[in-house]
Amino acid sequence: GAVVSQHPSRVICKSGTSVKIECRSLDFQATTMFWYRQFPKQSLMLMATSNEGSKATYEQGVEKDKFLINHASLTLSTLTVTSAHPEDSSFYICSARRPGQTYEQYFGPGTRLTVT
Amino acid sequence: KQEVTQIPAALSVPEGENLVLNCSFTDSAIYNLQWFRQDPGKGLTSLLLIQSSQREQTSGRLNASLDKSSGRSTLYIAASQPGDSATYLCAVRPGSARQLTFGSGTQLTVLP
């Protein structure tokens, strides 16, 4: 199956700093990537949809100035958490949609962010 | 607004048993439905995808069915193994073929 990677897998940062998370589709070109957030024992909540070459579409309640998304190429999308606070600590998962009629999505392994 | 519910939230079975996980959704106008597996602290692995025109899909010991009219899908796992222990999530894609809506998952434990 298709492979999506994320880097880093785990990051600890101090309050007020910014953190960048990378998402790459390794064996296919993804015109659309998604960023999700998952709290412990809860399901995935969509944060934003990232389209290559255009601005991301954010879900209601997600601050676009805090969670900066860049989808500069067909294989790379980045999420930058700016001025991180402890409440931003969470598990962030990206997903890439494979071109084709099924719209099947493949998910990265996730990034555990801890803000101290 | 589409809502996806998974029952039970947690399930514990002895090794070797066959089991069924349930997923229900409120809006039957879906494009497709996908079942995923998530291991603790990990991302999601796609197990099966069923298009709205299909009734079931099979992969190895897994069989997923879809009844669009009643808003239900089931994931059947045959001859369960301890390695099947994980959280299983179902997600539906609306008819507009936009983003997935996830259920809250069923945490499965298969006891050796």
Candidates A:Glu59, A:Glu52, A:Glu22 - the one that is among the acidic types (Asp, Glu) and under 14 Å from A:Gly110 (Cα atoms):
A:Glu22
Could you tell me whether B:Ser69 is more than 30 Å from A:Ser9 (Cα to Cα) and either of a type outside the set (S, T, N, Q) or without any contact (Cβ under 8 Å) to a residue 40 or more places away in the chain (or both)?
no
Could you check segment A:79-103 and list, in sequence order, the residues that are buried (at least 16 other Cβ atoms within 10 Å of the Cβ) and touching a residue at least 60 places away in the same chain (Cβ under 8 Å)?
A:Val81, A:Ala84, A:Tyr92, A:Ile93, A:Cys94, A:Ser95, A:Ala96, A:Arg97, A:Arg98
Filter segment A:1-33 down to residues that are away from chain B (no Cβ under 11 Å), of a type in the set (Ser, Thr, Tyr) and under 18 Å from B:Gly43 (Cβ atoms), then give me how many there are.
1
How many residues are charged (D, E, K, R) and either assigned to a strand (DSSP E or B) or at the interface with chain B (Cβ under 8 Å from one of its Cβ atoms) (or both) if we restrict to segment A:78-116?
3
Quick check on A:Glu63: is it without any contact (Cβ under 8 Å) to a residue 60 or more places away in the chain and over 29 Å from B:Glu3 (Cα atoms)?
no
Within the set of pairs 6+ apart or on separate chains, which have a first residue in segment B:22-49 that is within 10 Å of chain A (Cβ to nearest Cβ), a second that is among the acidic types (Asp, Glu) and surrounded by 15 or more Cβ atoms within 10 Å (Cβ to Cβ), and C-beta atoms under 6 Å apart?
B:Leu49/A:Glu104
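Bear in mind these aren't lab numbers, they're just calculated from the coordinates by the rules spelled out. Quick caveat: nothing in here was measured; it's all calculated off a predicted structure. Heads up, the Cβs are rebuilt from the backbone with ideal geometry, glycines too, and the neighbour counts pull from every protein chain shown.
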